[in-house]
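None of the figures in this text is laboratory data; all of them are computed from the coordinates on show. Since the model is a prediction, treat every value here as computed from it, not as a measurement. Cβ coordinates were reconstructed from backbone atoms using ideal geometry, including for glycine residues, and neighbour counts include every protein chain displayed.
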Amino acid sequence: MVKIGILNLQGDVSEHQTMTQQAALKRGLEAEVLKVKTATEVAACDGIIISGGESTVIGRLIKENGIDKVLKEKKIPVMGTCAGMVLLGRETDFQQPLLGLIPMKVKRNGFGRQKLSFEADLKLKSMETQYPGVFIRAPFAYEVGEGAVVLGQIQDKIIAVAYKNYLATAFHPELTEDTRIHEYFIEEVLNCVE
Ligand code: GLN
């Protein structure tokens, strides 16, 4: 049984919880999926998901609660979506606390005003069929460092990245009915605890 924590500081946390539970069920994997808030709760998890929301707010609360230290010290696998992707990066165009767990530079709200929200069928690496990408004031990565694997792009904008035990998507897999991204993350977590 793995324990997956959805970081419950701000943003669309419940959607991720439901989606992770569905993904585990679909794969027949035993996973306890719970909302977590404190460093102690985070430390007890095998994997953490950081939702979309406001990355400045989530980042500040992560620091205030000492969650950044726990994630780094315990090398806990993390998946970050949208605001979560921003937080996993090393650099953004804003002054804000970041986790810096993935060597990538991120542009916040990168798709501009005309495209505040949109949907796009995505061709992602290792996925046989397209994935329905939901983008809401989404960021993109424009530079990744050594070891980071680009999993998807829209033209030159990088919208999914994997690095070590970390996964970032600019879009919101929790707002679709397609559980494949969450399945992938649970598999990653399982590989780490085995
Ligand atoms: N633009 C937001 C941020 O950078 C992210 C938006 C979202 O998570 N939907 O904080």
Where the centroid of each part is defined by its Cα atoms, how far is the range 143-194 from the range 17-38 in Å?
17
With the dipole of the chain worked out from charges on the C-beta (+1 for Lys and Arg, -1 for Asp and Glu) around the Cα centre, which of Leu71, Ala23, Ile181 lies farthest toward the positive end?
Leu71
Using Cβ counts within 10 Å as a stand-in for footprinting exposure, how do Cys45, Cys82 rank, fewest first?
Cys45, Cys82
Amide H of Phe111 versus every other amide H placed in the peptide plane: which residues, excluding those fewer than 5 positions away on the same chain, fall under 5 Å?
Ala138
Cross-link partners of Lys105 among aspartates and glutamates (Cα-Cα below 19 Å; sequence separation of 8 or more within a chain):
Glu54, Asp68, Glu91, Asp93, Glu143, Glu146, Asp156
Karplus (6.51, -1.76, 1.60) ³J(HN,Hα), θ = phi - 60°, over the range 17-34, in Hz, Gly and Pro reported as x
5, 4, 5, 5, 5, 5, 5, 5, 4, 4, 8, x, 9, 8, 9, 8, 10, 9
With no solvent term and unit scatterers on the alpha-carbon positions of the range 2-193, Debye gives log₁₀ I(q)/I(0) at q = 0.17 Å⁻¹ of -1.07
Karplus-derived HN-Hα couplings along the range 167-182 (A = 6.51, B = -1.76, C = 1.60, θ = phi - 60°), whole Hz, x at Gly and Pro
9, 10, 10, 6, 9, 10, x, 6, 9, 10, 10, 9, 8, 5, 5, 5
Restricting to lysines and to Cα separations under 18 Å from Lys75, and discarding same-chain partners fewer than 8 apart, the set is Lys3, Lys37, Lys63, Lys164
